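Structure first, commentary second.
Read the figures in this text as sums done on the coordinates, not as results from a lab. None of these values were measured; they are calculated from a predicted model. FYI the Cβ positions are ideal-geometry reconstructions off the backbone, even for glycines, and counts take in every protein chain you see.
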Amino acid sequence: MPVKNRLAEMHDQITEWRHHLHAHPELSYDVHETAAFVVERLKDFGVDDITPGIGKTGVVAVIKGRMDTKDRVIGLRADMDALPIEEATGLDYASTVPGKMHACGHDGHTSMLLGAAQYLAETRNFDGTVVLIFQPAEEGGAGGLAMCKDGLMDRWGIQEVYGMHNAPGVPVGEFAIRPGALMASSDEFDITVTGKGGHAAAPHEAIDTTLVASHIVVALQSVVSRTVDPIKRVVLTVGTFETDSVASNIIAHSVRLQGTVRTLDHEYRAIAKERVFRIAEDTASAFGAAAKVTWTPGYPVTVNSEAETTYAAEAAMAVAGKVNDNAEPIMPSEDFAYMLEERPGAYIFIGNGDTAMCHHPKYNFDDGAIPAGCSWFAELVERRMPVV
Ligand SMILES: [Zn+2]
Ligand SMILES: [Zn+2]
């Protein structure tokens, strides 16, 4: 594998960082020790500038190339947070914190970006500026959005941005990517149906919210099957159905439904939202009941821009010699999507081999992927901002 020789030499060191981070997982925005570890390493490398506290606990650092003739600036992003999972790997460097675990490989992502940073700070073989982005709270906390709101893109003049996530099931060190939608948006809805409770033997004097809510659940299934172009991908699931009746002879006064909508398409994200409101409110109204809908937007669709996907795939090809550049989109969501809403860029998967899935208590990042992952970041920088 033509990974960069210097990065292959650094493999043991980067693996040590990874194991240290793995043993000391932190959640969401509470990544103070992880961010401090990142800052210490970056100082050792002699990067040009380090700014902690962006997006609460994110770290932004700058490495200037040996030349700067074209005002080029590229952002490289890694996530730092772990998950509230009790680790079951039995590793000798397993989590030392009960109930917390690096079960999504963000320890690997952070270590690989640190490795690339050390290489880039040593070699500076590029014409422009690299901005390193270490973000908190990827797992549901929208840390990427928090960093963007703190002015990440404008303040550092980032022109294009790239990120990477490990992928169980893809061979170690190989890459997979696609242009366009790669990962889904994820929104949640909460519907409270209110009618009129009563005696089970006197339904004519009540408004039976169990029946009304059942019609709403059935009608919501038409959003995907009858509203969405069959070629497009949208998922709507009603996850909970909770009545306030506790006995077989009581007609419920209210019912609460909670569900999620995931889509790979901005347009259908908006359409699905509108349909959920219409169906819930109008169905309830038809029965003389009322429905109150609360919509909580989650992460947007992760959309890779065309040109940057090609650059990312070419760099991966140079490193690994093999790239799946037409990877299937997947329905989990990813908050790098916020950065891709602000700048062109691409998100790539790096193989993690035959491991447990992400978020499983036996998952582990595969250290064998480190040289390829670091080399991809570095190769991308040297290709996009070549010294000529
Ligand atoms: Zn995750
Ligand atoms: Zn993750």
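Using only the alpha carbon atoms of the stretch 97-165, find the Kirkwood hydrodynamic radius as the inverse mean reciprocal pair distance, in angstroms to one decimal.
One decimal place: 14.0 Å for the Kirkwood radius.
Scan the stretch 77-156 for GluC sites (Glu not before Pro) in coil per DSSP, keeping those whose Cβ has at most 13 other Cβ atoms within 10 Å, and list them by number.
Working: sites: Glu86, Glu87, Glu122, Glu138, Glu139; in loops: Glu86, Glu87, Glu138, Glu139.
Counting only loop positions with at most 13 other Cβ atoms within 10 Å, the GluC sites (Glu not before Pro) in the stretch 77-156 are Glu86.
What is the gain in length, in nm to one decimal, between Ile250 and Val388 on full extension, counting 0.36 nm per residue of separation less the C-alpha to C-alpha distance? Don't jump to the answer; show the numbers that get you there.
Numbers: separation 138, 0.36 × 138 = 49.68 nm, distance 7.92 nm.
So the extension gain works out to 41.8 nm.
When DSSP beta bridges are restricted to pairs lying wholly in the chain, around 65% turn out antiparallel. Estimated from the Cβ-Cβ distance and a Förster radius of 25 angstrom, the FRET efficiency linking Arg155 and Asp68 is about 0.90.
May I ask you to sort Arg77, Arg155, Arg275 by Cβ crowding, counting other Cβ atoms within 10 Å and putting the fewest first? The partial results should precede the final answer.
On the way: Arg77 27, Arg155 12, Arg275 21.
If I rank by nearby Cβ atoms, fewest first, I get Arg155, Arg275, Arg77.
Give the peptides 340-352, 180-192, 286-298 in descending order of average Cβ contacts within 10 Å, highest first. Can you show the working numbers first?
Numbers: 340-352: 23.1, 180-192: 21.2, 286-298: 15.4.
With the highest mean Cβ count within 10 Å placed first, the list reads 340-352, 180-192, 286-298.
Gyration tensor analysis over the Cα atoms of the stretch 221-288 returns equivalent ellipsoid semi-axes of 29, 13, 9 Å (largest first, whole Å).
Angle of helix 209-222 to the longest C-alpha principal axis of the chain, folded into 0 to 90 degrees and rounded to 10: 50°. The chymotrypsin sites (Phe, Trp or Tyr not before Pro) found in the stretch 18-69 include none that occupy coil by DSSP while having at most 10 further C-beta atoms within 10 Å. Share of pairwise Cα-Cα distances greater than 24 Å in the stretch 155-308 is 48 percent (whole percent).
Rounded to the nearest 0.05, what FRET efficiency is calculated for Ala307 and Glu33 with R0 set to 41 Å and r the Cβ-Cβ distance? Let's see the in-between values first.
Working: r = 38 Å, r/R0 = 0.93.
Approximately 0.60, to the nearest 0.05.
Distance between the pseudo-spin-label points of Glu86 and Glu314 (7 Å out from Cα toward the beta carbon): 5.1 nm.
Computed over the Cα atoms of the chain, the ratio of the radius of gyration to the Kirkwood radius (Rg/Rh) comes to 1.07.
With the helix formula -39500 (n - 2.57) applied to DSSP H stretches of n ≥ 4, the chain reaches a computed 222 nm mean residue ellipticity of -10500 deg cm²/dmol.
In this calculation the C-beta distance from Ala202 to Ala270 is compared with R0 = 51 Å, giving a FRET efficiency of 0.75. On full extension, the segment bounded by Arg278 and Arg6 gains 92.0 nm, given 0.36 nm per residue less the C-alpha separation.
Which net charge results for the neighbourhood of Ile250, defined as the other residues with beta-carbon distances under 15 angstrom from its beta-carbon, given Lys and Arg at +1 and Asp and Glu at -1? Show your work: numbers first, answer last.
Details: positive: Lys196; negative: Glu205, Asp208, Glu242, Asp244.
Residues near Ile250 contribute -3 overall.
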